[in-house]
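The block underneath contains the structure these notes are about, expressed in structure tokens.
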Amino acid sequence: MGNGDREAKRSTDGNSPVEWLRDQLRIDGEKIGSEPVWSDRVAEIFDILPDDLVPDINARLIQGRGSEITDFKNFGQRYGLTAAEVKIVESIAEGLSVPDHAAANGISVNTARVHMQRVLEKTGARRQTDLLRLVLTS
């Protein structure tokens, strides 16, 4: 299957895995889609993968690697988050609870809860799951 054929396969959000990776992955802060050599390399990798593996790999990248490919600094700037608020967003994206985040960062659980509440208010998310969805699609 050629690269054009592979890109014609769409994921549930309308993007092919290659398009999604080009849009999300960053090297030294630059999206790989802005660097043709990296963009082409991602296309080559997906081109040689067996067709039955592409959807699973795409899903794993989206769900399992969100914190590694999400630009939290940019996310924080977009929503006007403080450094402490960005930290809790990162922790939640990595699967930590608010109390676990507090313990890992040497702050009280109440302080962490205030940070989380402010993040939810600033982003318009109603729950942490909504926040995660927003983070992973940003």
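Taken together, the values in this text are just the output of simple stated rules run on the coordinates, not laboratory data. No experiment lies behind these values; they were computed from the predicted model shown. Ideal geometry is used to build each Cβ from the backbone, glycine not excepted, and the neighbour counts take in all protein chains shown.
Details
- A simple charge model with +1 on the Cβ of Lys and Arg, -1 on the Cβ of Asp and Glu and nothing else charged puts the dipole of region 69-138 at about 220 debye relative to its Cα centre.
- Sparse-neighbourhood loop sites, trypsin sites (Lys or Arg not before Pro) in region 80-132 - DSSP loop, at most 12 other Cβ within 10 angstrom: 126, 127
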